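In what follows, a single structure is set out as structure tokens and then discussed.
The values are calculated or read from the model by the stated rules, or taken from the named source; none is laboratory data. If you're wondering where the values come from, they're calculated on a predicted model, not measured in any experiment. As a convention, Cβ positions derive from the backbone with ideal geometry for all residues, glycine included, and neighbour counts pool all protein chains shown. The protein model used for the area step is the full one, side chains on, heavy atoms only, and it has no ligands, DNA or RNA in it. Shrake-Rupley method; radii C 1.70, N 1.55, O 1.52, S 1.80 Å.
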Amino acid sequence: MSVYLVVGGSGGIGNALVKNLLGKGHKVYSVSRNIPEIAHPELISFSCDVLSPDPLPEIKEPLNGLVYAPGSVNLRPFTSLKQTDFQNDMSINLYGAVRVLQNYLPALKKAGDASVVMFSTVAVQLGLPYHASVAAAKGAVEGLIRSLAAEFAPAIRVNGIAPSLTDTQLAGKLLNTDEKRKMAAERHPLKRYGSADEIAETAAFLLSPAGSWITGQIIHADGGLSSLKV
Ligand SMILES: NC(=O)c1ccc[n+]([C@@H]2O[C@H](COP(=O)([O-])OP(=O)(O)OC[C@H]3O[C@@H](n4cnc5c(N)ncnc54)[C@H](OP(=O)(O)O)[C@@H]3O)[C@@H](O)[C@H]2O)c1
């Protein structure tokens, strides 16, 4: 049994990951503003806003892995984006991750062999209109991932997942009609958008010993969107 911390365990991909890891027999700590609606003896949930100045929950035991899932989808033409949009996207995607990592680094180091997973977006690899703010913030996250993978090797592996459109609350406005769902599926070479469960499975793989020779990578779990033209 390994011990993992999922930041953002109450919803979307993070919630699917909490269920995935519990199902594999691991112990899971979850940190999010709302408590996940999961009752399990190996789940310890904390209510906490990672952007607030309050201290992050204390975890005394060694952590085999940490996943930072909070993020944003703020799609607007560049001329409508304000400085505060860029600042907010940097806050939740980058600064929140930095704060969490700095806080729990001692617990990851204690494990001796740990794995960190963060989230980027397909819009970093592939230029998409109206994505300037979130793509800039996630591009910074990708830089953080590679830098920390180098700095923490060989003790801690650090990887990212760059999903395309995935069916979660965050993407709700992009998938709230049959027409939008159909068009979203059609845009992808694999002819569907992603599910929280399959992105969570990718994260679980990166956390596990099966991913033990992978570090500094961004996994493009995007239905082929960033690399194929079919
Ligand atoms: N879904 C997509 O289409 C898509 C596409 C590309 C990239 N991504 C990236 O994938 C990651 C996961 O996305 P998702 O769709 O699963 O997002 P989501 O449905 O919005 O879930 C985000 C999780 O983070 C928590 N959270 C948000 N702000 C927080 C805060 N300030 N403090 C503590 N917890 C906070 C939320 O819980 P509470 O509200 O309870 O705090 C929730 O549990 C994100 O980084 C996102 O940018 C998603």
Report task. Go through the stretch 79-90 residue by residue and tally those that are open to solvent by 20 Å² or more (accessible area, probe 1.4 Å) and within 20 Å of M118 (Cβ to Cβ). Result -> 4
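Every residue, every condition in (1) among the small types (G, A, S); (2) out of contact with any Lys or Arg (no Cβ under 9 Å at 6 or more places or on another chain); (3) within 24 Å of G211 (Cα to Cα), yes or no:
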position: G96; (1), (2), (3): yes, yes, no
position: L101; (1), (2), (3): no, yes, yes
position: D113; (1), (2), (3): no, no, yes
position: S120; (1), (2), (3): yes, no, yes
position: L144; (1), (2), (3): no, yes, yes
position: R157; (1), (2), (3): no, yes, yes
Query raised in the report: Among all residue pairs at least 6 apart or on different chains, which show Cβ distances below 8 Å where the first residue, located in the stretch 60-78, is surrounded by fewer than 16 Cβ atoms within 10 Å (Cβ to Cβ) and the second is basic (K, R)?
Result: E61/K110
Query raised in the report: Looking at the stretch 108-124, which of its residues are assigned to a strand (DSSP E or B), within 16 Å of the ligand (Cβ to nearest atom) and of a type in the set (A, V, I, L, M)?
Result: V116, V117, M118
Requested in this report: Return the total of residues in the stretch 166-187 being without any contact (Cβ under 8 Å) to a residue 40 or more places away in the chain, within 12 Å of the ligand (Cβ to nearest atom) and surrounded by 15 or more Cβ atoms within 10 Å (Cβ to Cβ).
Outcome: 3
Query raised in the report: Does P163 fit the bill of being open to solvent by less than 70 Å² (accessible area, probe 1.4 Å) and either in a strand (DSSP E or B) or farther than 26 Å from V98 by Cβ (or both)?
Result: no
Report summary line: By my count, strands (runs of 3 or more DSSP E) wholly in the stretch 1-103 with at least 1 residues that are within 15 Å of the ligand (Cβ to nearest atom) and out of contact with any helix residue (DSSP H, G or I) (no Cβ under 9 Å at 6 or more places or on another chain) are 27-32, 43-47
